[in-house]
Amino acid sequence: MKIIAGNWKMNGTRTNLENMINELSSINTENTIILCVPYTMLNVKSDKIAIGAQDISQHTHGAYTGEVSAQMVADAGAKYTIIGHSECRQYHGDTNDTVRTKAEQALANGLTPIICVGETMDEKQAGKTMTIIESGVRESIPLDTKSPIIIAYEPRWAIGAGLTPTHDEIATAHTLIANTLTDMGLTGTPVLYGASVKGSNAAEIMSIPNVDGVLVGGASLKSDEFIPIITSVK
Ligand code: PEP
């Protein structure tokens, strides 16, 4: 059983989500399906698909115009939230420290955080991939975490670019993350791979050891692209 999470980014309407839920309701799968959607869609209900947000505020409440707290997201019906996505790190200045604070907020409000880590192209070319991944994991996870969390390894240079790392690069990154989590005393934490996942590469990626599922951007927006990813593994 794998976790297949979609990230709709700033796309879609409530009707699009309702249609997607309808189309996914007939597929036969034991995989966990999560759709991380814009805040305006968080109260759309489904028995089969868990709904998640794409970010939360690091603050509990107050004068933070435009921000949405973990409590509000949970109150709207979400069970998960992505935190530290590459685009939030790039456009909103999220750092491992803010990601950790947001993860604390998520856990305090009963949300499972999907914490993203991964290297930029500059970091990759500078030979820093492993350091960035390990520090991302160590610094973004709250200390003494007992509640469930999910990690997503997303090489930032590959997101939305139609590029994917080699099989060996994904395997090496996921082994490092698995070992780091063990060293931190965290067992059973699922680790997803994300960046340019499609129906044609999903099964191979999810066959790599320590890959417990995928985080899918563009290909999660249309059912004819998302369903083959979900059904590519049992
Ligand atoms: C993402 O945004 O998390 C992502 C993985 O995007 P894409 O699948 O489009 O590369």
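Per residue, how much accessible surface does the chain expose to a 1.4 Å probe? Answer in Å², no decimals. The partial results should precede the final answer.
Values: 10890 Å² over 234 residues.
Per residue, the chain has 47 Å² of solvent-accessible surface.
Would you mind checking which residues have amide H under 5 Å from H85's amide H? H placed 1.01 Å from N; only 5 or more apart, or other chain.
Placed amide hydrogens put C116 under 5 Å from H85.
Quick check for me: using +1 on Lys/Arg Cβ and -1 on Asp/Glu Cβ, what's the dipole size of the range 68-146 about its Cα centre, in debye to the nearest 20?
Computed about the Cα centre, the dipole is about 160 debye.
Cross-link list K45/K234; K9/K222; K45/K79; K9/K79; K2/K124: which exceed 21 angstrom alpha carbon to alpha carbon?
The pairs that break the limit, which is 21 Å between Cα atoms, are K45/K234; K2/K124.
How large is the dipole of the chain about the Cα centre if only Lys and Arg carry +1 and Asp and Glu carry -1, each at its Cβ, rounded to the nearest 20 debye?
360
On the protein heavy atoms, probe 1.4 angstrom, tell me the percent of accessible surface of the range 183-234 carried by carbon and sulfur.
Accessible surface attributable to carbon and sulfur in the range 183-234 totals 52 percent.
Using the charge dipole of the chain (Lys, Arg: +1 at Cβ; Asp, Glu: -1 at Cβ; taken about the Cα centre), state which of Y80, T32, I49 has its Cα farthest towards the positive end.
I49
To the nearest 0.05, how large is the calculated FRET efficiency for T40 and T182 if R₀ is 30 Å and r is the Cβ-Cβ distance?
0.15
Would you list V211, V233 from the most to the least accessible area, probe 1.4 Å?
Largest accessible area first, the list is V233, V211.
With springs connecting C-alpha atoms under 10 Å apart, model the chain as a Gaussian network and identify which of G127, G110, G199 has the largest mean-square fluctuation.
With Cα springs under 10 Å in the chain, the top fluctuation among G127, G110, G199 is at G127.
Based on the alpha-carbon set only, what is the convex hull volume of the range 29-103 divided per residue, in Å³?
Convex hull of Cα atoms, per residue: 100 Å³.
Please state, as a whole number in µm²/s, the translational diffusion coefficient that the Stokes-Einstein equation yields for the chain at 37 °C and 0.692 mPa s, with Rh defined as the Kirkwood radius across alpha carbon pairs.
After rounding, the answer is 187 µm²/s.
Given labels modelled 7 Å from the Cα in the Cβ direction, how far is it in nm from T131 to H59?
3.4
The values are calculated or read from the model by the stated rules, or taken from the named source; none is laboratory data. The structure presented is a predicted model; accordingly, all values stated were derived computationally and were not measured. Ideal geometry is used to build each Cβ from the backbone, glycine not excepted, and the neighbour counts take in all protein chains shown. Surface areas here come from the heavy atoms of the whole protein model, side chains and all, with no ligands, DNA or RNA. Shrake-Rupley method; radii C 1.70, N 1.55, O 1.52, S 1.80 Å.
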